[in-house]
Structures are given as structure tokens and as C-alpha cells.
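Coordinate-derived values only; no laboratory data. Model, not experiment: these values are computed from the prediction. As a convention, Cβ positions derive from the backbone with ideal geometry for all residues, glycine included, and neighbour counts pool all protein chains shown.
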Amino acid sequence: MLKVRVIPCLDVKDGRVVKGVQFVDLRDAGDPVESAIAYDAAGADELCFLDITASHENRGTLMDVVSRTAEACFMPLTVGGGVRTIEDIRNLLLAGADKVSIMTAAVNDRDFVRRAAEKFGTQCIVVAVDAKKVSEAGSPDRWEIFTHGGRKPTGIDAIQYAQEVAALGAGEILLTSMDRDGTKIGYDIALTRAIADAVTIPVIASGGVGSLDHMVEGIRDGHASAVLAASIFHFGEHTIREAKEKLRANGLPVRID
Amino acid sequence: MKVAIIDYGSGNLHSAHKAFERAASESGIGGDIIVTSDPELVRSADRVVLPGVGAFADCRRGLDAVPGMVAAMTEAVHEKGRPFLGICVGMQLLADRGLEHTTTPGLGWIGGDVVEIKPQDHALKIPHMGWNTLDQGRDHALLAGIPTGTDGWHAYFVHSFHLQPATPDTVIATTQYGGSVTALVAKGTVAGTQFHPEKSQKLGLALIANFLRWRP
């Protein structure tokens, strides 16, 4: 039986982890590769690097990080952040990423998703969907796509957008609720469920995890195929193992090899 | 021992290279792992690995675009009897035909067609992406020491098509995804995994070590 995936996400800036792993004693908590190795050993199902490097000149450091991670960790690695061109995707895949997450470039040019999937295959194209609720209280739920870290509205309906990118060849959707991101009050379950039920590709729930129960809700009620979290793991509040045991205790299939 | 991982422009071979190196050193088997697009090195290798990601037709086109490569692979396998491992689309290419988008001829080393997976449960997502266990149909050296079945170890899959064999005897293991999905095939010195051993942590490294030890 296919298992629910638990995916830690590391923010990387100029080749360094922004909120480094603190659950084990690392020689260098800012080194993404050391953090990746720690998560590999802890039983993470996949790993996600989100590059938040501001300048494009520093891209080289990210490539080096991806390459060294791929040498040391034999698990799937998704890399996102600042991916604008087919060449960006090619470089990340050649460095050792298994999947590349695209966000703004797909919002600006939907056909980019089609070209990327045709070139590299559906299996490695993840489309990041950052959505915010725009409906008034009391009226039916409606979410729109926001870019620039949730600051810039686009007017694009999130459900329609998800269906569109799925039809164009996205292999997976990384769905982040910009209302919940950083709040620790749980995923936006209504949003997650609306998107997961609207597409036939897997959806990763993200944004708002504060407890292990939130992960259970993301899968059970949100119908996500995977749950992504950052701080809950990095600061040692919970281990990957605890997350999986919680999911299992709630009747959800997990991998504990 | 020399192991040739064939580079024909289908995706990144960095992690496959490193995983084979790790498995070779951890198991004490050792060996020289090379990533190559040179048919001569494939012809003279002791073991040959054919990876592959993306669409069947693209991979076939890429393989054909390397002059002399298919001939070198065929010679290594069918004349010299070298162990051969196809991974993901590299495994699918072993079939007679791929039916993704258009009909594309495969190598025809393992009878069957590559067809879309169609889970009976329509709530199941496509691609089949993530970790799944293996159901072993019969004993095979590649699965030696690897726990299979519901409580067994997991392999990492990401695919929408699978090899539907012409005869069941080539199927070593399947996985369950709204029905039976082909996971591991073998015939003579040729084997292939639908999953990615280079991404399957413990199970993956054990299977690669088994492949390096395999004496069919």
C-alpha cells in the first residue's frame, strides 16, 4: 500500500539553512547537507529545499548544496525557489534534484508548466500553489493565488489554477495556505480538500503545522497525499518518527522501515 | 568489476552513480562505477545499468541517438551474458512496446507492453508517487535479504505507466496500487525495477548490492 509522505522543508539562503536543524548536534547547523543527512537518518520520506536567495548571482551555492546532498542522501529531493526558466530546471536536475518546484513563473506563464513537463517529464515538475482566502465570511469559500510571499494578489482562482496546471503536466501540487503559513494553528483544511479533490495528481499540504494532529487532519480531512512541515521538526518539538506514529495511530499508512 | 551506467541524456545520473558507489563500498564488493555514453565501455563492462526518466518515446529516441549504444547493450547482455539492470523508464524500455502517447518499440528483451496504470479506486492519484511495499512472486537473487510483503521495506515509486508482461514468469515482484502494478522483472541476466533503487534508502542500497553480487 502506498504510504503517506512526511516531508521536512528547509529554507536555504546563499547556500545556508535559515532555520537550521536543532534536534541533533550538528557540527554546522547552517549546512543544508548536514541537515539533509540528519533527516535522511530520521526517516523522512522526502526532503524539500526552498531557496530564498535574493540575488541570482548566488545560484551557484544552491547548485553546490543540491549536488552534495544528492551524493549523501538516497531519498527524493525537491528544490524550489526562483525557478524561472527551462535552463533553471535543467541545472537543478543535473545537480541532483529529483523534482523541481515552480511558482511565480507558472503563474506568469501557464505554458511554462507544459514546456517543463514535456522536456523533463511530469514526474519531476511540482507546481507550488500559494493561496489565500478571498471570500467574505458567510459567503462560499473562495481562494486566490498570491505571489511574492503572499503579498501580491493575482485574481486567479486557486482551484481552477490547480486544475489547469495539472492538465498541463504538473506531477504534483505543493499547496501552501498563505493565511496559515507561520501561524502554527493548522493547515487550511477546507482549501486543502477543495484542491486535492479537484485534481487527480498528488497534493502536498503546507502552511500552518503546529502539532502532529494537524498532520493527521491534513491527510484524513484535507485528502492530501503528503504533509510538509518546517519548524515543528527543525526545533526538535517532534521527530519524524513521532509524526509517523501519530499518523499510524490514526489509521493512516506510513513507512517505518 | 566494472559497472557501466548508461548516460543517454535522460535525467541526472549523479545520485544513481553515488548510490552504486555507496552500495559497492558498504557491501565490500567494491568495483569501478562509471557513467558513460561510450558504447565501447558498455561492451566491456561486467555489469550494465540503464536508468531513465520522463516519457518512453523520449527515452527511446535518446538511446537511439547514441551511435552504437543499443548494439553494445545487446552484445553485453545477449552474447556475453552480463547482468543488466533497467531502472524506471530504463526498465520499461525492456518491453516490446511503449504505449505512452504513441506506440514506440522497446528493446523486446522482456515480453510485454508498457501501459497506463489504472487504479480501480478512482480516488487514487496518478502518478503513483511515493513509498510502497513489494509483493514477491518468486525468489530472486535481487531480493535476497530484503523483507517484502505488507510489513516489508519500502521502495520509492514515481510513474504513471508500468510494464504489463506477456507472460507472468518474468514478474518477480509487484506492488499494490488499486490493483497489481509491476515492480521488478527479470529474465536470464536481464532485470528491471519500476521503482528507483537509488532513491529507496535501505531497500535501494540492498538491492543494488544484490545486483552487484548477482551471478545469473
Checklist entry - B:Thr74 passes all but one of (1) touching an Asp or Glu at 6+ places or on another chain (Cβ under 9 Å); (2) free of Cβ contacts under 8 Å to residues at least 40 places away in the same chain; which number fails? => result (1)
Next on the checklist: Looking for something assigned to a loop (DSSP other than H, G, I, E, B) and within 9 Å of chain B (Cβ to nearest Cβ) - is there at least one such residue anywhere in the range A:79-96?
Outcome noted: yes
Checklist entry - Could we say that A:Asp197 is assigned to a loop (DSSP other than H, G, I, E, B), under 20 Å from A:Ala128 (Cα atoms), of a type in the set (Asp, Glu) and over 14 Å from the mean Cα position of the chain (by Cα) here? => result no
Next on the checklist: For the range A:202-224, give me each residue that is free of Cβ contacts under 8 Å to residues at least 40 places away in the same chain, surrounded by 24 or more Cβ atoms within 10 Å (Cβ to Cβ) and assigned to a loop (DSSP other than H, G, I, E, B).
Outcome noted: A:Pro202, A:Gly207, A:Val209, A:Gly222
Next on the checklist: Give me the helices (runs of 4 or more DSSP H) completely within the range B:1-118, filtered to those with at least 1 residues that are within 14 Å of chain A (Cβ to nearest Cβ) and either in contact with a Lys or Arg (Cβ under 8 Å, 6 or more places away or on another chain) or at negative phi (or both), ordered by residue number.
Outcome noted: B:14-26, B:56-64, B:89-92
Item to check | Check on A:Ile185, of a type in the set (Val, Ile, Thr) and under 30 Å from B:Tyr156 (Cα atoms) | outcome: no
Checklist entry - What is the number of the single condition among (1) more than 14 Å from chain B (Cβ to nearest Cβ); (2) touching a Cys at 6+ places or on another chain (Cβ under 6 Å); (3) of a type in the set (Lys, Arg) that A:Lys99 does not meet? => result (1)
Checklist entry - Within the range A:225-240, which residues are within 19 Å of the chain's Cα centre (by Cα) and touching a residue at least 60 places away in the same chain (Cβ under 8 Å)? => result A:Ser225, A:Ala226, A:Val227, A:Leu228, A:Ala229, A:Ala230, A:Ser231, A:Phe233, A:His234, A:Phe235, A:Thr239, A:Ile240
Next on the checklist: Condition (residue is closer than 20 Å to A:Ala117 by Cβ and in contact with a Leu (Cβ under 6 Å, 6 or more places away or on another chain)) applied to the range A:178-195: is it met by at least one residue?
Outcome noted: yes
Checklist entry - Here are A:Ala162, A:Ala166, A:Ala170, A:Ala158: which of them is closer than 29 Å to B:His128 by Cβ and in contact with a Lys or Arg (Cβ under 9 Å, 6 or more places away or on another chain)? => result A:Ala158
Checklist outcome for this item: The lone condition A:Ile86 fails out of (1) closer than 23 Å to A:Asp130 by Cα; (2) crowded, with 18+ Cβ neighbours inside 10 Å; (3) out of contact with any Gly (no Cβ under 9 Å at 6 or more places or on another chain); (4) among the aliphatic types (A, V, I, L, M) is (2)
Checklist entry - Can you find even one residue in the range B:43-62 that is more than 18 Å from B:Val89 (Cβ to Cβ) and surrounded by fewer than 16 Cβ atoms within 10 Å (Cβ to Cβ)? => result yes
Checklist entry - Any chance the range A:26-35 includes a residue that's surrounded by fewer than 15 Cβ atoms within 10 Å (Cβ to Cβ), on the phi < 0 side of the Ramachandran plot and not small (Gly, Ala, Ser)? => result yes
Checklist entry - Does any residue of the range B:27-45 turn out to be in contact (Cβ under 8 Å) with a residue 60 or more places away in the chain and closer than 24 Å to A:Asp98 by Cα? => result no
Checklist entry - Before we move on, is B:Pro197 of a type outside the set (Lys, Arg) and within 11 Å of chain A (Cβ to nearest Cβ)? => result yes
Checklist entry - Out of the range A:49-71, which residues are closer than 16 Å to B:Ser15 by Cβ and crowded, with 16+ Cβ neighbours inside 10 Å? => result A:Phe49, A:Met63, A:Val65, A:Val66, A:Ser67, A:Arg68, A:Thr69, A:Ala70, A:Glu71
Item to check | Residue that is farthest from A:Val4 (Cα to Cα) [pool: residues in the range B:138-178 that are more than 12 Å from every other protein chain (Cβ to nearest Cβ) and of a type in the set (Gly, Ala, Ser)] | outcome: B:Ala166
Checklist entry - Applying the selection to the range A:90-99, what residues are aliphatic (A, V, I, L, M), surrounded by fewer than 24 Cβ atoms within 10 Å (Cβ to Cβ) and touching a residue at least 24 places away in the same chain (Cβ under 8 Å)? => result A:Leu93, A:Ala95
Item to check | Residue count, the range A:33-74 (criterion: within 9 Å of chain B (Cβ to nearest Cβ) and either free of Cβ contacts under 8 Å to residues at least 24 places away in the same chain or more than 16 Å from the chain's Cα centre (by Cα) (or both)) | outcome: 8
